[in-house]
Amino acid sequence: MSNIYESAANSLGLFSSPCLTKVELRVMCKGISDRDALSKPDPCVVLKMQSHGQWLEVDRTEVIRSCINPTFSKLFTVDFYFEEVQRLRYELYDISSNHNGLKDADFLGAMECTLGQIVSQRKLSKCLLKQGSTVGKAAIMVTAEELSGNDDYVELSFSARKLDDKDFFSKSDPFLEIFRTNDDSTQQLVHRTETVMNNLNPVWKTFKVSLNSLCSGDHERKLKCAVWDWDSNGKHDFIGEYQATFKEMRVAMDGRQVQWECINPKYKIKKKNYKNSGIVILNQCKIIKMHSFLDYIMGGCQIQFTVAIDFTASNGDPRNSCSLHYIHPYQPNEYLKALVAVGEICQDYDSDKMFPAFGFGARIPPDFKVSHDFAVNFNEDNPECAGIQGVVEAYQNCLPKIQLYGPTNIAPIIQKVANSASEEMHTKEAMQYFILLILTDGVITDMADTREAIVHASHLPMSVIIVGVGNADFSDMQMLDGDDGILRSPKGEPVLRDIVQFVPFRNFKHASPAALAKSVLAEVPNQVVDYYNSKGIKPKDLSDYECSRTFGP
């Protein structure tokens, strides 16, 4: 991480985000030309990743002798970050049988792409380019597979019977604790149930815990379960304990109960006829599959990216070099920098690369009435622009034709995108998720309506990113970003999900575009997963996706 990004991250209270997941990349090539008539090529693929403008080698495949259509057994494993453009370069070499080095190897071609392009398509095929960017006959196919993690959840329902009575004037008040045994033999508390008062035959509430937390995905990892009698002074009386594994718990998945004797070791030593201090029963064990962001992307879910640009008068006259909308011939303004940085990430996840772009707070031709959701290309029937470059051109072309005005109302544009997201919601399929990028220079003047619109949008497959441009006081904006507390509508209704991310551009003025994109998009994958999992919507064609995990030659 560069010093520039570190200073920007620190000013925002951010830290370098952990990788979303690990991805395995499988490589095969077709149609490699024979080097000469006497021998076939000995191909090897080198994977490089761009870092600070330089291509650095990540790994390389094995060399397959005498093969023009190789399928490499070597897998490339890379960390996947949604909020970064991860540029990859695949270089194909013919390595002579005398040595495995690249120094004397023949370069057969290269292909460049982003990791986002590969995971969104699941299988990417491209022709290899030779020296001088000439298209060769050989093609390369890269297939992505997410490394399955332990992100599934398990739902457990425990009860007990005939527990020891530890109280003189009433019955015990039992609760259950479950501890995971770590690799270093330490124990880590996984879950503590509620206390059931005055009951030797308690039934505890069903609870949910991730398999990762419960046993690190290891079904035979030892778990220690302890039952206590609750005391208000915090000195709880020990009733007994037992050991279990998740493998044993899984028996309850078939509707059968699993039982353990709850043993107090002291009583076992002291009492001759001691049997146990009660029986603990697992009544139900249910595994809940938690699908990941990549499950949805690889299942065909598209990110529908929409841009909304602030054209209020507070930006300054675009003809004036002090204006935030001034178009400098060599230096992009803050609006353009923010648009390109975020749009470059999102475009990899949108197959048609057509992006609606809207403006707000301007008087627009021909009658010059104020609009808060006009198409930047002035085509109300089709506000889409071809690629991020198309949005940039539409923005630059519209500036001389409009009159910057006001006020700064963003609720109409949120509602416009929410209408599209609402139609998607009724399909009950994970096919389109909407991201609205709002670029604004000032304080929002329709805050009550905006809060109402965001609360409504939190029920939809939609996220809102707001980038504050310029040096205005953005303190009111922090209210929309739910990080500091739950956002509520004027009527008091809370957001269902935290869907807003606000970032002041000035914190990234001297940082790379990637640093800005990383900050504003870091929460999106979890927002996508939270939405679809909360609705019980599985990735589309997941069965096909599972089948694609077995690769033929």
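The values are calculated or read from the model by the stated rules, or taken from the named source; none is laboratory data. All values derive from a computational prediction rather than experimental measurement. Every residue, glycine as well, gets a Cβ built from its backbone with ideal geometry; the counts of neighbours run over all protein chains shown. To get the accessible areas, we keep the full protein, side chains included, count just its heavy atoms, and leave off ligands, DNA and RNA. Shrake-Rupley method; radii C 1.70, N 1.55, O 1.52, S 1.80 Å.
So if each residue of separation counts as 0.36 nm, and I subtract the Cα-Cα distance between His219 and Met197, what length gain in nm does that give?
Details: separation 22, 0.36 × 22 = 7.92 nm, distance 3.23 nm.
Working it through step by step, the gained length comes to 4.7 nm.
Give me the distance between the Cα centres of the stretch 408-458 and the stretch 264-291, rounded to whole Å.
If we compute the Cα centre of each part, the gap is 51 Å.
How much net charge surrounds Gln284 when only other residues with a Cβ under 11 Å from its Cβ are counted (Lys, Arg +1; Asp, Glu -1)?
On the way: positive: Arg256, Lys286; negative: Glu155, Asp254.
Residues close to Gln284 contribute a combined charge of 0.
Counting only protein heavy atoms and a 1.4 Å probe, tell me what percentage of the stretch 381-468's accessible area is made up of carbon and sulfur. It would help to have the intermediate numbers written out before the result.
Details: 1530 of 3230 Å².
Ligands and nucleic acids excluded, carbon and sulfur reach 47 percent.
I need the calculated FRET efficiency for the pair Ser321 and Lys22, taking r as the beta carbon distance and R₀ as 45 Å, to the nearest 0.05. Please list the in-between numbers first.
Numbers: r = 47 Å, r/R0 = 1.05.
The calculated FRET efficiency here is 0.45.
In whole angstrom, note down how far apart the Cα centers of the stretch 177-206 and the stretch 328-365 are.
Rounded to whole Å, the Cα centres lie 52 Å apart.
Expressed as an acute angle from 0 to 90° and rounded to the nearest 10, what is the orientation of the C-alpha long axis of helix 334-346 relative to the principal long axis of the chain?
Relative to the chain, helix 334-346 is tipped by roughly 60 degrees.
Count the net charge of all other residues whose Cβ sits under 12 Å from the Cβ of Tyr274, scoring Lys and Arg as +1 and Asp and Glu as -1.
Summing Lys/Arg as +1 and Asp/Glu as -1 gives +4.
If packing is taken as the average number of other Cβ atoms within 10 Å across a peptide's residues, how do 49-60, 207-218 rank, most packed first? Before the final figure, lay out the partial values.
Working: 49-60: 12.5, 207-218: 16.7.
Listed from highest to lowest mean packing, they are 207-218, 49-60.
At 1.4 Å probe size, with every protein chain present, just tell me what the per residue accessible area of the stretch 390-470 comes to in Å².
34 Å²
With labels modelled as points extended 7 Å from the Cα through the Cβ direction, what inter-label distance (nm, one decimal) is found for Phe238 paired with Ile269?
In this crude spin-label approximation the distance works out to 1.0 nm.
Roughly what % antiparallel, to the nearest 5, for the DSSP beta bridges in the chain? Working shown, then result.
Values: 92 of 117 bridges.
Percent antiparallel among DSSP bridges in the chain is about 80.
So what's the angle, to the nearest 10 degrees on a 0 to 90 scale, between helix 411-425 and the longest Cα principal axis of the chain?
Approximately 60 degrees, to the nearest 10.
Between Lys491 and Tyr330, what is 0.36 nm times their sequence separation minus the Cα-Cα distance? Round to one decimal in nm.
On the way: separation 161, 0.36 × 161 = 57.96 nm, distance 4.81 nm.
Taking 0.36 nm per residue and subtracting the Cα distance, the gain is 53.1 nm.
Among (1) 50, 38, 20; (2) 49, 28, 23; (3) 60, 28, 25, only one was calculated for this model; which label is it, if the read-out is semi-axes √(5λ) of the Cα gyration tensor in Å?
Label of the calculated value: (1).
Is there a pair in Lys162/Lys270; Lys123/Lys535; Lys123/Lys518; Lys205/Lys271 whose C-alpha atoms are over 22 Å apart, and which pairs would that be?
Lys123/Lys535; Lys123/Lys518; Lys205/Lys271
Could you tell me what percent of the accessible area of the stretch 24-83 is made up of carbon and sulfur, with a 1.4 Å probe and every protein chain present?
Working: 1420 of 2970 Å².
Answer for the stretch 24-83: carbon and sulfur cover 48 percent of the accessible area.
Helix 3-12 against the longest principal axis of the chain: what's the angle in degrees, Cα atoms only, rounded to the nearest 10?
Once rounded, the angle reads 60 degrees.
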